[in-house]
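What follows draws every value from the coordinates through simple rules; no lab data is involved. These numbers were taken from a predicted model, which means no experiment stands behind them. All Cβ positions, even for glycine, are placed from backbone atoms using ideal geometry, and neighbour counts span all protein chains on display.
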Ligand code: SAM
């Protein structure tokens, strides 16, 4: 069959994206390791270190999937928190930390919840799992200190809409997909679609300018592995 991006109607897009991630949810983490040779771990570490999360932070991780980025954010906060244990105020703030994992696909979230339990993470209500669309988030304006979307922006139908949603919150930072990252889908149609969506994703410069257009300041990006992956970030003042 010939199945090209052009023929994909917008209504089709969420269905195809849905199929891909429903098919792979249970193997997603293993697949990530295989596809990137384990490098996604370093990329996510880098993302979190740039984000520089703090005790008491309210953070929204969109397209959060199985929680990989959220777990790292929590780990980072907890280790910062431990260092600050002497300071009773920081200790209190640690209890107020809330990391929201938002994903359009409940299967991914369910795998994530199970992983969190296995790791003994989030039982203290610091992890909140929310089904939702990056293009229409159900959180109030200015209700977050941070926003990330890792390997997820290319999946949304209208990038500008997702960016303008991101701008409703405070700080913003995210990474884009590696070209190798998607030899994943169980069925050909969805797979074909994803390959096209990666190919068509705007260049680093263009994407940075879209982030500026959405109203963010101090927009920058860092190429990793020679630009196979990039972390874009911006601030809202
Ligand atoms: N951020 C995770 C990571 O880096 O391991 C998961 C990335 S995975 C490649 C992309 C995720 O985006 C999937 O879990 C998918 O369900 C989700 N997704 C796709 N379209 C979305 C949308 N419009 N809104 C929210 N999540 C979406």
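Arranged by the count of other C-beta atoms within 10 angstrom, fewest first, what order do 59, 158, 232, 167 take?
So the residues, fewest neighbours to most, are 158, 167, 232, 59.
How do 36-42, 208-214, 137-143 rank on mean C-beta neighbours within 10 Å, highest first?
On the way: 36-42: 14.7, 208-214: 17.0, 137-143: 12.7.
Taking the mean over residues of other Cβ atoms within 10 Å, the ranking is 208-214, 36-42, 137-143.
Let me check against my output: what whole-number percent is the relative contact order of segment 32-154, with C-alpha pairs under 8 Å and at least 6 apart?
Values: 185 pairs, mean separation 41.1, N = 123.
It comes to 33 percent, rounded to a whole number.
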